[in-house]
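The structure under discussion appears below in the form of structure tokens.
Rule-based calculations on the coordinates, nothing more; no lab input. Note that the structure is predicted; figures quoted are calculated from it, not measured. Every residue, glycine as well, gets a Cβ built from its backbone with ideal geometry; the counts of neighbours run over all protein chains shown.
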Amino acid sequence: MPRKRATPRHLNEVIDAALFVVDEAGMDGLTIRGVAAASGVPTMTLYAYFRSKDELVELMALSVVARLFAVTRRSTWQATIEELCFHVRASILAHPGWLSLLGRRELPSSPPVHEHVRALMLGSGIPERVAARAVLEASLLSLGLAQLQLSLQRQRSAPAPGAEPAKRDLDWDGTFAATVARWIAGLETEAVARPLTAQPRVATASSTP
């Protein structure tokens, strides 16, 4: 008997349930039985949506990547890039387990927001070599800083035996905002001055034959 074809709505609900399990128990705690309990779908019925746990994890990774790049397209490239950075960071801090899923799939070099940012940057005089990689660099910057924050905060909450107590925690929000602002300012310096359009010569009385 052929497998039942899953509808997008039901598949998304199963993926949401699987991501919830990862939030609660981490990747090590992800089981088909746990997804069944979280989704309310019988265990055997879940195999109408995927053939194996590995296939489920692949679907989860695709979903996470799509969610990370689901940002509003603002009227300027600076505002769009800034929103992307803060959205990626907030998503990872809220869902640390997503980092393990991202390790299974390369970030897309041209997500939907890429062309929007690229067009705005080119229109502002930013060279193609810079505009072409801006969205990917923004994503990597935000992911890296979020991962660093999570790692250091875990160390702070569970210090090694004999280690000195950590001093006051960093102002992570302020540090991140300042880092993004400096990075965007650096991109702005890449703008190439546009040559002035030649103005038509206006005839004067002295130049008229």
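Please state the relative contact order of region 7-104 as a whole percent: Cα pairs under 8 Å, 6+ residues apart? Could the numbers behind the result be given before it?
Details: 71 pairs, mean separation 27.9, N = 98.
It rounds to 28 percent for region 7-104.
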Sequence order, region 128-140: Karplus ³J(HN,Hα) from phi using 6.51 cos²θ - 1.76 cosθ + 1.60, θ = phi - 60°, Hz rounded, Gly and Pro as x, gives 4, 4, 8, 4, 5, 10, 4, 5, 5, 5, 4, 5, 5
With point charges of +1 on the Cβ of Lys and Arg and -1 on the Cβ of Asp and Glu, referenced to the Cα centre of region 8-51, which listed residue (Gly26, Tyr49, Asn12) lies farthest in the positive direction of the dipole? Tyr49
Once you place label points 7 Å from the Cα toward the Cβ at Asp23 and Leu136, how far apart are they in nm? 3.1
Any idea what log10 I(q)/I(0) is at q = 0.28 Å⁻¹ for region 8-51, Debye with uniform C-alpha scatterers and no solvent? -0.99
